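Reviewing the structure listed below.
What follows is calculated from the coordinates using simple rules that are stated; it is not laboratory data. Just so we're clear, the structure is a prediction, and the values are computed from it rather than from any experiment. Glycine also receives a Cβ, built like all others from the backbone with ideal geometry; neighbour counts cover every protein chain displayed.
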Amino acid sequence: MRMTRFVVKTLREAPSEAETPSHRLLLRAGLVVPLAAGLYCFTPFGWRVARRMEAIIREEMDRSGALEVHLPALQPIELWQQSGRDRAFGPVLFRLQDRRERWFALGPTHEEVVSFLAARHIQSYRDLPFTLYQIQTKFRDEIRPRGGLIRLREFIMMDAYSFDADWEGLDRSYEAAFQAYLRIFARAGIPVIAVEADSGAIGGKDSQEFMYLTEVGEDTILRCERCGYAANAEKADFRRPPPIPGEPRPLEKVATPGASTIAELAAFLGIEPRATCKAVFYEVDGRPVFVAIRGDLDVNEVKLKNTLKAKDLAPMGEEAVRRAGLVAGYASAIGLPAGILVVADESVVDAPNLVAGANEPGFHLLNTNYGRDWRADIVADIALARAGDGCPRCEGTLETRRGIEMGHVFKLGTVYAESMDVRYLDERGDQRPVVMGCYGIGLERMIAACIEANHDEDGIIWPPDVTPFDAHIVVLNADRPEVADTLAALEASFAAAGLDPLVDDRDESAGIKFKDADLLGIPVRLTVSPRALQQGGVEVRRRRTGETRIVPAAEAVQAVRTILEEESGAVGAARTLAS
Ligand SMILES: [Zn+2]
């Protein structure tokens with residue numbers, strides 16, 4: 001491919017909106033051009049990268065035994081009403097009307113449609129198991145699209161769905177998808193760790209995310225170096241410090257002027273924060289909720305939201321606190337105004353003699369005891385794990401890392417089988433719901449993370465399985481007959497070997513061409529110039545290390561293959577080169 005014919009326009013400086021290295025390089029190397037918030041055009045160069053990523057995903061999903069399908073992005077809203085997810089997704093779901101004023105959704109994911117398809121195939125246990133996947137465009141009306149290709153409103157996703165007769169079958173399908181994901185990320189040069197994850201709006205049981213750890217990530221991960229436990233902060237468990245033991249003592253009201261925070265209260269009374277009970281107020285789907293948690297812990301709003309199966313959850317505003325008759329800084333569940341749902345974290349249930357608010361400004365109660373003095377409507381684990389907390393699996397300590405979610409695997413179970421009516425007849429002729437799993441990978445995110453993990457100050461360094469071209473041929477003094485002849489011979493030998501080089505035949509200086517070659521990041525650069533020919537051939541330069549040497553033009557193809565193979569080893573890839 002000749003660069004003069006090929007739409008790739010590099011930029012010397014990244015536009016100021018670019019926040020991260022990958023975002024800057026995406027724009028500078030001309031892979032994408034922004035159209036509007038969360039919407040990007042791929043250029044021919046960028047689309048080649050996207051197609052290589054797709055090829056990796058397709059090969060590894062096929063290898064895992066999954067079958068490729070294609071499902072409509074435009075979906076009748078009734079399907080979403082049937083699963084209840086029109087409500088769960090809320091404004092993130094794009095909706096539109098057709099000319100007959102019937103409502104449709106633009107799919108943010110495809111559980112409903114794939115369930116529809118599967119239900120028309122499955123009759124008995126003999127039709128199971130199978131896994132379907134597609135690589136397709138998704139739509140999400142995100143509030144804040146960001147980070148270049150990280151959070152988009154229209155994006156390409158590989159989404160897979162497994163259908164099994166029972167949970168043991170699901171475990172096998174889940175493991176097959178998990179292993180395929182590890183191979184995909186290894187070949188794409190993206191180091192990932194699997195972390196326990198929240199199931200979010202999709203619902204279900206076990207789920208794990210594949211995280212690329214980076215300071216610019218938008219997810220917080222808690223990780224134990226000692227045993228390898230890792231979880232999204234939304235989901236993470238931790239070892240809670242034990243309560244202070246003691247026999248229940250009588251309630252006592254004490255004046256605590258100016259002690260409206262846990263820190264002030266603990267200092268005023270000369271006690272530890274874990275000897276107190278903290279009150280937090282939320283507005284959940286328009287209704288007031290009172291949360292009690294031990295003073296040394298914080299509320300995990302995702303766990304709370306899941307516990308309440310809520311759509312909207314937000315800390316209560318000052319006005320709403322007044323309206324509900326709550327006393328900020330001095331509240332407890334003892335003597336709370338009526339009509340407020342009380343949720344208690346497990347930490348307050350077995351902790352005796354906690355200091356709690358007296359629901360009166362300037363006063364607290366000593367020795368409050370759960371069960372004796374008050375009860376919650378709901379008791380659950382709603383505590384937030386933080387850096388420094390104890391690991392739930394070992395004696396280690398949790399540390400915080402930032403990451404970008406690259407992929408997600410879920411054990412959905414029978415949630416969709418029930419709502420979308422996907423059933424089969426077992427050996428005895430009884431009707432049972434199909435047990436489902438779902439698995440997703442964001443393609444644009446893979447490109448961003450690949451660049452994030454594979455670049456230096458001069459530009460991108462593509463892994464061999466991702467590079468849009470096999471070699472970058474820089475031509476200098478193309479008007480000289482010996483240069484033109486060598487280039488023609490090189491192009492013929494590359495074509496015969498099934499390799500696809502990008503040829504920089506532009507009328508630019510050597511300096512600009514070399515800078516662009518570094519920026520565009522193809523793993524091997526070949527220079528065809530009068531000087532190299534004088535030295536006995538063409539100059540071969542390895543992008544990652546910068547090492548150069550002269551090889552005879554007839555050996556250039558082999559030199560390129562050798563470097564690509566070695567680079568595959570460098571990214572842990574298993575690329576099979578055409579022989
Ligand atoms: Zn541990």
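With only Lys, Arg, Asp and Glu charged, each at its Cβ (+1 for the first two, -1 for the last two), find how big the charge dipole of the chain is about the Cα centre; round to the nearest 20 debye. Mind showing how you got there, number by number?
Details: 70 positive and 86 negative charges, 122 e Å.
The dipole magnitude comes to about 580 debye.
Ranked by the mean number of other Cβ atoms within 10 Å per residue, highest first, peptides 554-566, 485-497, 465-477 order as 465-477, 554-566, 485-497.
Here, P(r) means the percent of Cα pairs in each 10 Å bin from 0 to the largest distance; for segment 200-317 it is 10, 30, 32, 22, 6, 0.
Of the residues 45, 80, 64, the one whose Cα sits farthest towards the positive end of the charge dipole of segment 1-105 is 45 (charges of +1 on Lys and Arg Cβ, -1 on Asp and Glu Cβ, taken about the Cα centre). The length gained on full extension between residue 269 and residue 558, counted as 0.36 nm times the residue separation minus their Cα-Cα distance, comes to 96.3 nm.
Report the charge-dipole magnitude of segment 252-380 in Debye, nearest 20, computed about the Cα centre from +1 at each Lys and Arg Cβ and -1 at each Asp and Glu Cβ. Write down the numbers at each step before the final one.
On the way: 13 positive and 17 negative charges, 53 e Å.
About 260 debye.
Above 30 Å, the calculated P(r) of the chain contains 62 percent of its Cα-Cα pairs.
Can you run the Rg to Rh ratio on segment 462-570? Use alpha carbon positions and the Kirkwood inverse-distance Rh. Kindly include the intermediate steps, with their values, before the conclusion.
Working: Rg = 12.7 Å, Rh = 13.7 Å.
Taking Rg over the Kirkwood Rh, I get 0.93.
The calculated Kirkwood hydrodynamic radius for segment 433-482 is 14.9 Å, given to one decimal from all distinct C-alpha pairs. As a proxy for reagent exposure, ranking 364, 23 by other Cβ atoms within 10 Å from fewest up yields 23, 364.
With a threshold of 27 Å on the Cα-Cα distance, the over-threshold entries among 235/311; 305/411; 253/309; 138/513; 311/411; 205/278 are 253/309; 138/513; 205/278. Across all Cα atoms of segment 360-451, the radius of gyration (one decimal) and Dmax (whole number) stand at 23.5, 68 Å. Axis angle, to the nearest 10 degrees, between helix 443-453 and the longest C-alpha principal axis of the chain: 80 degrees.
Using alpha carbon coordinates only, what is the Rg to Rh ratio of segment 391-510, with Rh defined as the Kirkwood radius? Numbers along the way, then the final one.
On the way: Rg = 26.8 Å, Rh = 20.8 Å.
The Rg/Rh ratio comes out at 1.29.
In segment 252-380, the alpha-carbon atoms span a convex hull of 94 Å³ per residue. Computed 3J(HN,Hα) for segment 517-527, one whole-Hz value per residue from the Karplus formula 6.51 cos²θ - 1.76 cosθ + 1.60 where θ = phi - 60°, is 4, 5, 5, 6, x, 5, x, 10, 10, 10, 10, glycine and proline marked x.
Ranked for footprinting exposure by Cβ neighbours inside 10 Å, fewest first, 80, 103, 374 give 103, 374, 80. Ordering 162, 199, 16, 332 by the number of other Cβ atoms within 10 Å of each residue's own Cβ, fewest first, gives 16, 199, 332, 162.
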